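Colleague: Have a look at this one.
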Ligand code: SF4
C-alpha cells in the first residue's frame, strides 16, 4: 500500500463526491514525519562490512583523524558517539555518501 493510499484510507476519502479531500499540504506534512523501520535480524543501521565496497573510508562524512563520523543521523543513532567502532574500510552505515 502506498503512503497516499494509506492516508486516504485513514481519512475515509473514498467519498470524494461528498467533497471530503485531503490537501496536498497535509499529505506532505504526514510524509515528513519519522516512520518506523524494520531490519532483518542480521542487519543494523551501521555495521561491519567486507572490504572493497561502500565504507567509511570512501564516505564524505568520514574524518580520518581519529576515525570519526560527522553524519548527524549516524551520530543521533549512536547517541552522539562519533568514534567509528571498526576500521574505516570495514564499516558502513545507512547514511553513507560518496566523497
Ligand atoms: S559510512 Fe556511515 S558511519 Fe561511516 S563515515 Fe559514512 S556516515 Fe559515517
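All of the numbers you see were taken from the coordinates with simple rules; none came from a lab. Since this is a predicted model, take the numbers as computed values, not measurements. Note: ideal-geometry Cβ built from the backbone for every residue, glycine included; neighbour counts use all protein chains shown.
Colleague: Just check region 46-93 against the gyration tensor rule for me: Cα atoms, a ≥ b ≥ c as the square roots of the eigenvalues, rounded for a/c under 1.5, and otherwise prolate or oblate depending on whether a/b exceeds b/c. Mind dumping the intermediate values first?
Modeller: On the way: a/c = 1.79, a/b = 1.49, b/c = 1.20.
Judged from the Cα gyration tensor, region 46-93 comes out prolate (a/c at least 1.5, a/b above b/c).
Colleague: Here's another thing I want to ask about it. Label points 7 Å out from Cα along the Cβ direction at residue 60 and residue 89: separation in nm?
Modeller: For residue 60 paired with residue 89, the spin-label model returns 2.4 nm.
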